[in-house]
Every structure is written in structure tokens, then in C-alpha cells.
Number of protein chains: 2
Amino acid sequence: MLQAPDCCSPMVREPLGEADAKALAGMFKAMGDPVRLRLLSLIASHEGGEACVCDLTGEFDVSQPTISHHLRVLREAGLIDCERRGTWVYYWVLPAALDRLGSLLSTSASVATASS
Amino acid sequence: MLQAPDCCSPMVREPLGEADAKALAGMFKAMGDPVRLRLLSLIASHEGGEACVCDLTGEFDVSQPTISHHLRVLREAGLIDCERRGTWVYYWVLPAALDRLGSLLSTSASVATASS
DNA sequence: TCCTTGCATCGACGACTGTCAAGATAGACA
DNA sequence: TGTCTATCTTGACAGTCGTCGATGCAAGGA
């Protein structure tokens, strides 16, 4: 048992309560936009596990304020965090959030570990 | 909507392309509503792996047409499927879809299995 | 001090979303 | 045939979302 997410056993195992569903839906909703999903994957897979905004804006056809907006949405959903270092702002993914969602999605193949 | 398991190595490993991001974001978006997320978990965890609409509507404070609408969104996103049997319509989760999303979210701990 | 660069915020706009009441449709049964 | 039940569809509405241009702010350099 790496984690004890009593809030997030696989959803094939037991139904979600209203409160958990609301919190988790907020995270899924944040990932429900192509630009945000690509932002998340670019940050997660970037060298060192973090990326500055200047590494990201060039990858998209949308304006810089729009990227900034999407980064804020991801941050407010608890999926990423950021820090200013001098002139640049760096973003990184919060792995616990991804793990929480991943454990919710796991199906029978990998449920064995949750046989508490 | 075809399932290509090797299309989704973990996003901590390599960034998503535009096309994949669009397809996957559609699924996450469908899960980005509390009612739909609870519907999905109710169906997935229901006895026999499937549930008829009459098993679901009573669990929510929203009207039956709204439930029907959300079920349609989940179905068009490729997360569930349904079949009519006599008077009732039964819904079940498509495990391949959940696995696809789950593998995208997996972090370093479980990356070993993805031999893309 | 002023200027430049990197990023965030603001205000506005069209497009989309969640919800409901009302009506339509499909199957079971008499 | 007709009626009843279970479910879906339609049309409408307020609210939210994604996007942009303009602007603001912080840090660094001349």
C-alpha cells in the first residue's frame, strides 16, 4: 500500500460520494481542455520535472494571456504548483494529484493491491 | 474512438501530441462534472458491472432528462455503452477507456510496464 | 533613473454547458 | 387496438468557458 487514499479507491469498486465527486470532478475538468492537457504533459515530461512559462508558450497557437489563464486553472485545481525565480516563473506537476486520479481509474487488472 | 493502448504512455514520460490531447481531453471533460463522475462510478461499481437508468435516477437531485443527457455525454465520450433489454436500458463502463486514461496518469512508480 | 523582458490580470466577447418542462418514442401487456 | 411505464429528445434559459487585446507589475540591465 503506497498510499491510503480512503477517498479514492477505484470507482469500479465503490461509488463516489457527493463531496469526493465534486472535488475529483474539478481536477478532471481542469484536464478536460486540449491546451491544458498538453500543458500538463509538457510540464510533467520536461527536463527536471519543471518548466518555465517561456518553455511552454511557443508550443501553442494561443496567446500568452491564454496560456497564463490555463496555468492558473491547473494550479487552482491542485494539479500543478509554481514559483518565481528571478525573471522566470517555473511550474511543476504535483504527483500526488495524478496518483489520486489514477487510483480512481484503475480497473480490475490492478485492483489486487487494494484488497484491504 | 478506436482504442490504441500504446498511444498513451504516461504523460510524465513524453508530451502529448495535439490529436491525442484533443481525444483524451474529451474523455476527461466528460468526467469533469460531479453528476457524471458519480454516474460513472455508480455504473462501474454496480452489481454485475452494469446498471439500468432506473437504478441511477434515484441517487441524484436532478431530473431524469438531465440524467439521460449526462449518460449520453459519457457514451459519446466513449466511456460507457448501453443496450436496451425490453423496457429497460442498461449501461456499462468500457474498461479500456479507463485503462487508457489511467496509464496516461501513472507516475514513475508504475512506468515500468509501459514498454512503448 | 528609465527601458526591456517575462508573466499575470482585466474586461469583453461569442460559444458552449447544465438544467428543466414538455413532448416523443419504444416496449410490455390487456 | 389502446394504455401504461421507462427512457430519450427537444427547446429554451441562465450561467460558465476559452480566447483575445490592453494593461499592470516585478525583476534585471544600462
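Residues checked against (1) closer than 19 Å to A:Arg100 by Cα; (2) within 16 Å of DNA strand C (Cβ to nearest atom):
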site	(1), (2)
B:Leu37	yes, yes
B:Ser41	yes, yes
B:Ala51	no, no
B:His70	no, yes
B:Asp81	no, no
B:Arg84	no, yes
B:Val93	no, no
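Scanning the range B:30-81 for residues that are over 30 Å from A:Leu39 (Cα atoms), within 13 Å of chain A (Cβ to nearest Cβ) and not in a helix (DSSP H, G or I) turns up B:His46, B:Glu50, B:Ala51, B:Phe60, B:Asp61, B:Val62.
Which one is nearest to A:Val12 (Cα to Cα), of the residues in the range A:82-108 that are part of a strand (DSSP E or B) and not hydrophobic (A, V, I, L, M, F, W, C)? Give the derivation first.
Kept after step one, since they are part of a strand (DSSP E or B), are these residues of the range A:82-108: A:82-85, A:88-93.
With not hydrophobic (A, V, I, L, M, F, W, C) added as a condition, the list becomes A:83-85, A:90-91.
Details: A:Glu83: 37, A:Arg84: 41, A:Arg85: 43, A:Tyr90: 37, A:Tyr91: 33 Å.
Among residues in the range A:82-108 that are part of a strand (DSSP E or B) and not hydrophobic (A, V, I, L, M, F, W, C), the one nearest to A:Val12 (Cα to Cα) is A:Tyr91.
Please work out which residue is farthest from A:Lys29 (Cα to Cα), limiting yourself to the range A:72-83 and to residues that are more than 11 Å from DNA strand D (Cβ to nearest atom) and surrounded by 15 or more Cβ atoms within 10 Å (Cβ to Cβ). Looking at residues that are more than 11 Å from DNA strand D (Cβ to nearest atom) and surrounded by 15 or more Cβ atoms within 10 Å (Cβ to Cβ), I get A:Cys82. Among the residues of the range B:84-102, just one is near DNA strand D (Cβ under 9 Å from one of its atoms), in contact with a helix residue (DSSP H, G or I) (Cβ under 7 Å, 6 or more places away or on another chain) and either among the charged types (D, E, K, R) or closer than 20 Å to A:Ala25 by Cβ (or both), namely B:Tyr91. Taking (1) in contact with a Pro (Cβ under 7 Å, 6 or more places away or on another chain); (2) surrounded by 18 or more Cβ atoms within 10 Å (Cβ to Cβ); (3) of a type in the set (D, E, K, R); (4) farther than 16 Å from A:Leu16 by Cα in turn, B:Arg38 satisfies each apart from (4). Return a yes/no flag: does the range B:16-29 have any residue that is within 12 Å of DNA strand D (Cβ to nearest atom), facing chain A (nearest Cβ under 10 Å), charged (D, E, K, R) and without any contact (Cβ under 8 Å) to a residue 24 or more places away in the chain. Yes: the range B:16-29 contains one or more residues that are within 12 Å of DNA strand D (Cβ to nearest atom), facing chain A (nearest Cβ under 10 Å), charged (D, E, K, R) and without any contact (Cβ under 8 Å) to a residue 24 or more places away in the chain.
Every read-out reported here was derived from the displayed coordinates using simple, explicitly stated rules and does not represent laboratory data. Please read all numbers here as calculations on a predicted model, not as lab measurements. Glycine gets a Cβ as well: all are built from the backbone with ideal geometry, and neighbour counts include every protein chain shown.
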